[in-house]
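My questions will all concern the structure given below.
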Amino acid sequence: MTEGMTIGLLASQVGLTSETLRYYERLGLIAPSQRTESNYRLYDAEAAQRLFFIRRAQVLGFSLQEIGQLLSLRSQPESDMSEVKALAEAKIRDIQAKIDDLVRMQKGLAVLTETCPGHGSTGNCPILDALSENEDVQSQG
C-alpha cells in the first residue's frame, strides 16, 4: 500500500465502504495522515493496518468502543497487557452470556414446538396461544 491513499482506494483495499471509513474517523478509530489542498482525506499504511485490526477484532465480537480501547492500548506499548487480557476475558463472559440466552431460547421454542401438531387452524395453535399469555414462555419447560 502506498502513502497518501484516498478514502475510496483505502476502502476498496480493505474491503469496506468509504462511508464506513468516515464513520470510523468520526469515532476516532482512524484518522487521515494528511489532507490535500482541496481537503480530500489521504491515508497512510497505518490506517490500513488499523482497519484490518478493527475487522479482526469485530470478528471476535468486540464492539467499536472496545476496539477503541484496544487500539489505544496498542498505541501505548508501555501499557500493561493485563488491561488487554481483562478486555478479552470480559468479552468471553459476554459471549458466554449470549450463548446461555440462546440455549434458553432454543429450549423454550423446543417446548412450544413439541406441543404443536403442525396442522389445523391457527385458532388452536399452542405456539400462538403461549405467545399470547402473560407468563414466561421459557418457564413452561
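Any residue at all in the stretch 29-45 that is surrounded by fewer than 14 Cβ atoms within 10 Å (Cβ to Cβ), among the aromatic types (Phe, Trp, Tyr) and in contact with a Ser or Thr (Cβ under 8 Å, 6 or more places away or on another chain)?
yes
Can I ask one more? Which one of GLU37, GLU114, GLU46 is part of a loop (DSSP other than H, G, I, E, B), out of contact with any helix residue (DSSP H, G or I) (no Cβ under 7 Å at 6 or more places or on another chain) and of a type in the set (Asp, Glu)?
Result: GLU37 is the single residue among GLU37, GLU114, GLU46 that is part of a loop (DSSP other than H, G, I, E, B), out of contact with any helix residue (DSSP H, G or I) (no Cβ under 7 Å at 6 or more places or on another chain) and of a type in the set (Asp, Glu).
Which residues, counting only those in the stretch 19-43, are over 19 Å from GLY68 (Cα atoms) and not aromatic (Phe, Trp, Tyr)?
The answer is GLN34, ARG35, THR36, GLU37, SER38, ASN39, ARG41, LEU42.
Any residue in the stretch 98-111 that's without any contact (Cβ under 8 Å) to a residue 60 or more places away in the chain: show its pairings with residues that are in a helix (DSSP H, G or I) and surrounded by fewer than 12 Cβ atoms within 10 Å (Cβ to Cβ) at Cβ separation under 9 Å, as long as the two are six or more apart or on different chains.
GLY108/SER139
Another one. Which pairs turn up if I take residues in the stretch 40-66 that are at negative phi and look for partners that are of a type in the set (Phe, Trp, Tyr) with beta carbon separation below 8 Å, at least 6 apart in sequence or on another chain?
LEU51/TYR24; ILE54/TYR24; LEU64/TYR24
Any chance you could count how many residues in the stretch 30-81 are among the charged types (D, E, K, R) and over 19 Å from the mean Cα position of the chain (by Cα)?
8
Quick check on this structure: which one of ALA31, ALA57 is more than 30 Å from ARG93 (Cα to Cα) and either outside any loop (DSSP other than H, G, I, E, B) or at pLDDT below 95 (or both)?
None of the others qualify; the one that does is ALA31.
Right, GLU89: of a type outside the set (Phe, Trp, Tyr) and assigned to a helix (DSSP H, G or I) or not?
yes
Report whether or not GLY108 is part of a loop (DSSP other than H, G, I, E, B), outside the structural domain of LEU64 (by TED's automatic domain parsing) and over 23 Å from ALA57 (Cα atoms).
When the stated conditions are applied, GLY108 does not pass them.
The values are calculated or read from the model by the stated rules, or taken from the named source; none is laboratory data. Here the structure is a predicted model, which means the values were calculated and not measured. Note that we place each Cβ from the backbone using ideal geometry, even for glycine, and neighbour counts take in every protein chain shown.
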